[in-house]
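The structure appears right after this line, and notes come after that.
Each reported figure results from applying straightforward, stated rules to the coordinates on display, with no laboratory input. These numbers were taken from a predicted model, which means no experiment stands behind them. Note that we place each Cβ from the backbone using ideal geometry, even for glycine, and neighbour counts take in every protein chain shown.
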Amino acid sequence: MNFETILIDKNEGIATITINRPQKLNALNKTTIFELHTALKSLESDASIQVMIIIGSGEKAFVAGADISEFANFSTSEGKDLARKGQEMLFNFIENLKKPVIAAINGFALGGGLELAMSCHFRIASDNAKMGLPEVSLGVIPGYGGTQRLPQLVGKGKAMELIMTAGMISANEAKDVGLVNHVTTQEELMGFTKKIAEKIMRNSPVAIAEAIKAINANFDTAKNGFEVEIEAFGNCFGTPDFIEGTTAFLEKRKPNFPGF
Ligand code: COA
């Protein structure tokens with residue numbers, strides 16, 4: 001796969017996707033959104049990959065937002081279209097991928113950048129990172145799921161304050177409110193994130209996919225999460241992963257999950 005705005009590295013089950021527009025602080029333009037979608041779709045069906053990590057290139061930014069130059073002259077209908085297509089193609093798409101996606105936030109994660117990180121299954125930040133949804137300072141609101149996912153992660157009051165003030169919070173403040181799970185130094189960010197990915201890779205990929213589906217159902221008002229959990233739990237029975245997991249336990253050895 002040859003991309004213009006992202007880089008892909010595959011190593012021992014982990015795919016690292018680097019958003020590579022450092023001169024624009026990795027701002028998400030149309031091409032980047034399309035390329036991220038294409039890469040993630042292909043990695044989801046790549047049997048050699050179990051976990052994906054998204055990071056920004058350079059030392060300054062994860063992603064400094066949607067590319068403002070692309071939508072500055074948009075009309076109402078073009079604005080709606082931008083948000084709808086972006087949500088479908090990338091943000092909802094990532095949230096519902098069956099393989100774990102971790103955001104390694106290595107600098108500014110603003111606007112669409114924070115929305116991208118919030119679409120990932122969880123987030124780890126370096127201590128120089130700054131996060132916020134500054135859209136109202138531009139006369140617009142978050143359109144890539146930010147008004148929905150930020151309150152899910154930090155609660156309604158904190159989300160209201162962050163969005164209304166268009167302010168930025170530090171990595172440690174983000175950890176205090178549950179927006180990121182861990183904070184490391186910038187040098188340690190990738191190593192630490194890969195260690196967590198390795199822990200995930202010891203477990204059943206098939207069960208993890210069912211867990212992602214069930215957890216996401218909790219935030220989907222059209223679904224009964226408990227019913228989704230019952231279905232997903234049942235789906236695990238009889239799978240080669242379940243047979244291997246239970247057999248390995250009874251034989252007192254480590255499982256070797258066949259996965260998908
Ligand atoms: N869209 C398009 N270009 C962006 C961008 C964005 N969201 N964020 C940064 N850039 C570009 C800048 O225009 C600049 O390009 P130039 O060198 O061609 O002029 C380059 O990236 C570097 O950014 P700069 O503003 O010079 O860096 P800084 O260190 O002074 O400030 C930020 C860093 C993140 C505070 C500042 O870039 C910023 O506020 N960006 C926009 C954040 C935002 O509102 N995001 C939400 C968008 S919906």
For the chain, calculate the relative contact order in percent as a whole number, restricting contacts to Cα pairs under 8 Å that are 6 or more residues apart. 15 percent
Extension reserve of the Met1-Ser137 stretch, reckoned as 0.36 nm per residue once the Cα distance is removed: 45.2 nm
To the nearest 20 debye, the stretch 205-250 has a Cα-centred charge dipole, built from +1 on Lys and Arg Cβ and -1 on Asp and Glu Cβ, of 60 debye
At 7 Å along the Cα-to-beta-carbon direction for both Gln23 and Ser77, put a label point, then send me their distance in nm to one decimal. 3.5 nm
Give, in nm to one decimal, the length gained when the segment between Cys236 and Thr147 is fully stretched (0.36 nm per residue of separation minus the Cα-Cα distance). 28.7 nm
Is the shape of the stretch 211-260 best called rounded, prolate or oblate, per the rule: a/c under 1.5 gives rounded, else a/b larger than b/c gives prolate, else oblate, with a ≥ b ≥ c the square roots of the Cα gyration tensor eigenvalues? prolate
Multiply the residue gap between Glu173 and Glu227 by 0.36 nm, knock off their C-alpha separation, and tell me the result in nm, one decimal place. 15.9 nm
Point-to-point label distance, Met160-Asp127, nm (Cα→Cβ direction, 7 Å offset): 3.4 nm
Net charge of Cβ neighbours under 12 Å - reference Leu189; Lys, Arg +1; Asp, Glu -1: -1
Taking the Cα centre of the stretch 6-201 as the origin, how large is its charge dipole in debye, to the nearest 20, when only Lys and Arg (+1) and Asp and Glu (-1) carry charge on their Cβ atoms? 260 debye
With the cut-off at 1.5 for a/c, could you classify the chain from its C-alpha gyration tensor as rounded, prolate or oblate? prolate
Rounded if a/c under 1.5, otherwise prolate or oblate - the stretch 43-108, Cα gyration tensor axes: oblate
